[in-house]
1. Kindly state, as a whole number, the per residue volume in cubic angstrom of the convex hull around the alpha carbon atoms of the stretch 189-234.
2. Rounded to whole Hz and in sequence order, give me ³J(HN,Hα) for the stretch 75-80 from the Karplus expression 6.51 cos²θ - 1.76 cosθ + 1.60, θ = phi - 60°, writing x for Gly and Pro.
3. Which whole-number percent is the relative contact order of the stretch 41-231 (Cα, under 8 Å, 6+ apart)?
4. When N is the residue count of the stretch 76-144, what does its C-alpha Rg come to as a fraction of 2.2 N^0.38 Å?
5. State the extension gain, in nm to one decimal, for the chain segment bounded by residue 79 and residue 203, taking 0.36 nm per residue of separation less the distance between their alpha-carbons.
6. Are there GluC sites (Glu not before Pro) in the stretch 44-88 that DSSP marks as loop and that have at most 16 other Cβ atoms within 10 Å, and which are they?
7. Quick check on my link table: of 141/234; 102/174; 73/234; 89/234; 89/220, which ones sit more than 31 Å apart, alpha carbon to alpha carbon?
8. What list of ³J(HN,Hα) values in whole Hz, one per residue of the stretch 149-160 in order, does the Karplus curve 6.51 cos²θ - 1.76 cosθ + 1.60 (θ = phi - 60°) give from phi, with Gly and Pro shown as x?
Amino acid sequence: MDRINNRILEIYQEVKQNPWVILIKPYMLLLTPFYFIKKRWNSKPELIFLIETFISGHNLLKKEIRPSYRMQKIISYELAKGILEQRVKEDGRTSKNLEQTKERFVRGDYMMVLIVDDTPTSYVFISEKVANFEQFHLKEKMDSNCFAIYDVYTFKRFRGMGFYEDLISLILKKRIDYKKFWLWVMKHNQASLKVHDRLQVNSVIRIYEESFRFGFRSLKITNTNFPLSDLIYK
């Protein structure tokens, strides 16, 4: 049943992104209303949390990084495509997901990759000026002294080895002229919350509550200030 629901979701998202696909695959027109009705008629609220972390004095600035590790900045989809294709094969994403990342580079976002022994181990995307959380179509304008990190990913065979921590450390060291950075999190992703709490990515400053009722989207935004650790199940 979950497999069927996931396929309906995938079709719905494909039609939403490119309505003209219905001309090629008309059966999609019959399936997409099922997801729309289920998801948007009367949904439970989804909570998204915006985390703010100050850079000055952060412990990751003191972390020792091996000389053989290097960080690469990638500013175009063509240069990032090989790394992104590797992720598609690894976590089961579709080629459609791959194509959607092109928009990130078009709007000026870029990828930062940790290279170890000439192999990509971990990467993040970075936004400046405007932070985007694509999954929920959220956008937040940032001050000039702030940047946002999103779509964090470490390849499976390199997990548990501290490479993501090394990458964030290198990013902060290259951005000591910035005051702070942002990161989006969701409460159900406890693994991510625990990692970022350990890295002292620490203050929840905003809560977004998204829900649908009778097909209409409602978004409630609440400014707040509490530690990320409060979101972790004890």
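1. Cα convex hull per residue, to the nearest whole number: 86 Å³.
2. 10, 9, 4, 4, 6, 8
3. 33
4. In units of the 2.2 N^0.38 Å rule of thumb, it is 1.18.
5. 41.3 nm
6. Taking the stretch 44-88 and a limit of 16 other Cβ atoms within 10 Å, the loop GluC sites (Glu not before Pro) found are 64.
7. The answer is 141/234; 73/234; 89/234; 89/220.
8. These are the phi-based 3J(HN,Hα) values: 10, 8, 6, 6, 8, 10, 5, 3, 6, 10, 6, x Hz.
Rule-based calculations on the coordinates, nothing more; no lab input. Since this is a predicted model, take the numbers as computed values, not measurements. Ideal geometry is used to build each Cβ from the backbone, glycine not excepted, and the neighbour counts take in all protein chains shown.
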